[in-house]
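Student: Sharing a structure, written as structure tokens. Questions coming.
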Amino acid sequence: MSCSGNQTAAPLASAPDAAQASAVENPLCPPGQAAAIAGGKSSVEGVTPPAATEVRLVSGGRVATRLATAASPGHLPRDDGYCSSDSTPKSSGERRVAGVLPHPRAPPADSPALGADAGLHKPPPSGDADGALAGESVPVAAVAPRTPTASPGAPGGPPGPPSSTGVVDDGRESWGKSMDFLLSIIGFAVDLANVWRFPFLCYRNGGGAFLFPYFLITVFGALPLFFMELVLGQYNRQGPITVWKVCPLFRGVGYCAVLVAYFVSFYYNVIIAWSIHFVYASFSYVLPWTSCNNTWNTDDCWDGLTSDEPKPNSTSLMSPSEEYFNYVVLQMDKSDGIDDLGPPQPSLVICGLITYFILYLSLFKGVKSSGKVVWVTATMPYVIMTLLLIRGALLPGAADGLLYYIKPSISALSKPQVWYEAAQQVFFSVGAGFGVHLSYASYNNFNNNCYRDCLITSLVNAFTSFYSGLVIFTYLGYMAFKQKTDIGTVATDGPGLVFQVYPEAVATLPGSQFWSCLFFLMLISLGLDSGMGGLECVITGMMDELRLTFGWKTIRREFFTALVVMSSFLVSIANFCQGGMYVFHWLDTYAAGISLLCSALFEAVAVSWFYGLRRFSADIQHMLGFRPMIYWRVCWKFVSPLFILITIVIGLQSQASGKLEYHGPIHYTYPAWSESVGWLITSTSMCMIPLWMIITICRQPGSFRQKLLLSVTPEAEHHKILETEETPRLDWKHWLHV
């Protein structure tokens, strides 16, 4: 290690040479710094990290970096060690040389043996000046892999050769641009729920007053978890399953997240197929849901927007758009319930094939292809919403609709249901616990500013929710004006809003085909972003697991993506049957409700309590250059888990207290067996957490005490526990540190 200003580092010849050179103590270094280098001691509050050695896990091994000063500063570029051409230099004349050191425990077969240099990674015998835990090894900084290589570039394969900058490639692909990643996580967070659920919740729960619990829970509940997922994925560069090498006991959290994302794909992508059907129907000379003069209309059809007759005194009235959606698109009149699905409808199956084909083309090349798609799908909705808002603001009754939307009712804040629905909307909209943000972040460059991306995405998500409400309620006000009724009678949420109420509103406008087509194109783009994110979580999570854990080195992404997409499509066909709407509502209730919240809860507990906030904060400081404020640390450890736990308890109580029902053309109550199967689906993903806890403990070597310690300790430190049974998790300071 060079500590002198006139020392130069020898060129990097090979990984073993670099490993040997990095382990030799330089006599020019002061004794204190040499000890810090040997121990790999981290920086915490009030302690400056040693600049001589930087260690980080990369693809089963470690990257060790040593700093050396050039003989002539003017002849070398100033680099911060992250291999980015536009990064901020650390100091003049410094460069970094990297080599690969095999993992101290069970080195990969294709990696050079570590030999006598294993002591380089051993933690120091005592804590730091900050009262840090004795013996806890915290990597100091990291050098990000940069450019993927062709052969060794397969994720989970052997590291590639050093690049021109001296950084060893870990083989994992990265986003082409940082904006690709930002647009991808914005596209996943901003989904259909922002359009069809938030505006109605805001109206029903106090108007503008609903924004207070919404933003409060966002700031103290969902936002910290969102940032945690981004850091976890970006720092470790692993998918939602293999990332739990940082705490093997919670490996089941990754499986839970992957299963939830997979189950959601069974019905969520069906919405895109419905939207494609409506886009096709929008090219008709007259929109088919404009009047009641069609062969499929019933005696209960009433066109309240164009009819001058008073509204009949009947509770079974339906608009032309309702009958078109229920009787033409879904054909629900030919089914008696979930136990009488009927045959699939060819037109919807074709629309589903188109949907999944688009998803496959967006995903089969990884983030290099999906990163380009989101430039269209993530930005198009804002252009379309703005056009729709301008047009809607010119309609009669629009001002009344906006007033109903934002008029605050402070008394609503005293109702627990308002806070529960705000928490439910926030957590499901941000997407914490899905594993999607973690998967996307695992393809980031190490020094990407994910903190900035987290804040931008959260602000955009909240803004989009409110902005879409402005669009929707201008048209609801127009409908109430035309029907001479109250807005409460036309306002609804879910598919009924976007496939029944809104189409009816635009059907009376000049150029209705154009506005209808625009609206459903917006739904398609919103759905594709979230659909890609969910399937990417499944693909990334399982491919990393198969390669790194089960040793499937030759699996091709194109083939595995086709397998995941095709299997999801085959299951989704049940939603295209005549009774498919009953399946859709059933899956929407059980696939990603309580199980998703449990995934987020155990993720927060695993990182903030078992992995440790001191270690996690050090990871952030090494990656982003700053230590997270007390706000983040308190939220991670106490506030966010508490919010999720309360939401889970209220959700379980609400779901268990009543029967599952669907309010469509008829009031349908689901049979008892369907509720039992639904709870089975919910428990399937949730059971992954305790199941893998048992499997992990049983797989560990040693005594039962060692098995427990190994299960809650990062795999990089297992060799020390087997040798000395020392771990900071035996110290109460580890659990109380904030």
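The values are calculated or read from the model by the stated rules, or taken from the named source; none is laboratory data. None of the values given here were measured: they were computed from a predicted structure. For neighbour counting, all protein chains shown are included, and Cβ atoms are generated from backbone atoms with ideal geometry for every residue, glycine included. Only protein heavy atoms, including side chains, enter the accessible area calculation; ligands, DNA and RNA are left aside. Shrake-Rupley method; radii C 1.70, N 1.55, O 1.52, S 1.80 Å.
Student: Quick one: Karplus J couplings for region 294-299, per residue in order, coefficients 6.51, -1.76, 1.60, θ = phi - 60°, nearest Hz, x for Gly and Pro?
Tutor: Working through the residues one at a time gives 10, 5, 8, 5, 10, 5 Hz.
Student: Quick one: which residues, 5+ away or cross-chain, put their amide H under 5 Å from the amide H of Cys577? H built at 1.01 Å from N.
Tutor: Here the answer is Gln345, since their amide H atoms fall under 5 Å of that of Cys577.
Student: Using bins 10 angstrom wide from zero, how does P(r) for region 635-694 break down, in % of all Cα pairs?
Tutor: All Cα pairs considered, the percentages come to 17, 33, 33, 13, 3.
Student: Let me ask something additional. Would you mind putting 254-263, 432-441 in packing order, based on average other-beta-carbon counts within 10 Å, highest first?
Tutor: Values: 254-263: 26.8, 432-441: 30.3.
Descending mean neighbour count gives 432-441, 254-263.
Student: If packing is taken as the mean number of other Cβ atoms within 10 Å per residue, what is the order of 227-237, 416-426, 375-385, highest first?
Tutor: Descending mean neighbour count gives 227-237, 416-426, 375-385.
Student: Moving on to the next point. Taking a 1.4 Å probe, which of Phe499, Phe481 shows the most accessible area, and what order do the others take after it?
Tutor: Phe481, Phe499
Student: Counting other C-beta atoms within 10 Å, and keeping those with at most 10, which DSSP coil trypsin sites (Lys or Arg not before Pro) do you find in region 659-738? Walk me through the intermediate numbers first.
Tutor: On the way: sites: Lys659, Arg699, Arg705, Lys707, Lys720, Arg729, Lys733; in loops: Lys659.
Hits after loop and neighbour filter: Lys659.
Student: Modelling each spin label as a point 7 Å along the Cα-to-Cβ direction, I'd like the Lys707/Leu652 distance in nm, to one decimal.
Tutor: That separation, rounded to one decimal, is 2.7 nm.
Student: Moving on. How large is ³J(HN,Hα) for each residue in region 724-731, as worked out from phi by the Karplus curve 6.51 cos²θ - 1.76 cosθ + 1.60 (θ = phi - 60°), to whole Hz, x for Gly and Pro?
Tutor: Those phi angles translate into 10, 6, 9, 7, x, 6, 8, 9 Hz.
Student: If you don't mind, there's one more thing I want to ask. For region 667-714 and region 168-241, compute the distance between their C-alpha centroids and round to whole Å.
Tutor: Measuring centre to centre over Cα atoms gives 26 Å.
Student: Give me the distance between the Cα centres of region 252-326 and region 403-422, rounded to whole Å.
Tutor: 28
Student: Something else now. Amide H neighbours of Gly702 under 5 Å, counting only residues 5+ apart in sequence or on other chains, H built in-plane at 1.01 Å?
Tutor: Residues meeting the criterion, in which the H sits 1.01 Å from N, do not exist here.
Student: Moving on to the next point. How much solvent-accessible surface does His663 expose, in Å² to the nearest 10, with a 1.4 Å probe and all protein chains in place?
Tutor: The value for His663 is about 130 Å².
Student: Okay, next question. With all protein chains present and a 1.4 Å probe, how do Ser369, Ser572 order by accessible area, largest first?
Tutor: Ser369, Ser572
Student: Considering the zone a paramagnetic label at Cys687 would reach in this model (a point 7 Å from Cα along the Cα-to-Cβ line), which residues of region 578-593 have amide N under 18 Å from it?
Tutor: Flagged as within label range: 590-593.
Student: Highest mean first, how do 666-676, 348-358 rank when packing is the count of other Cβ atoms within 10 Å averaged over residues?
Tutor: On the way: 666-676: 13.5, 348-358: 18.6.
Top to bottom by mean Cβ count within 10 Å: 348-358, 666-676.
Student: Just check region 630-735 against the gyration tensor rule for me: Cα atoms, a ≥ b ≥ c as the square roots of the eigenvalues, rounded for a/c under 1.5, and otherwise prolate or oblate depending on whether a/b exceeds b/c.
Tutor: It is oblate, given that a/c is not under 1.5 and a/b is not larger than b/c.
Student: With a ≥ b ≥ c the root eigenvalues of the C-alpha gyration tensor of region 389-478, is it rounded (a/c under 1.5), prolate (a/b larger than b/c) or oblate?
Tutor: oblate
Student: Determine ³J(HN,Hα), in whole Hz, for all residues of region 450-458 in sequence, where each value follows from phi through the Karplus function 6.51 cos²θ - 1.76 cosθ + 1.60 and θ = phi - 60°; x replaces Gly and Pro.
Tutor: These are the phi-based 3J(HN,Hα) values: 6, 5, 5, 4, 4, 5, 4, 4, 5 Hz.
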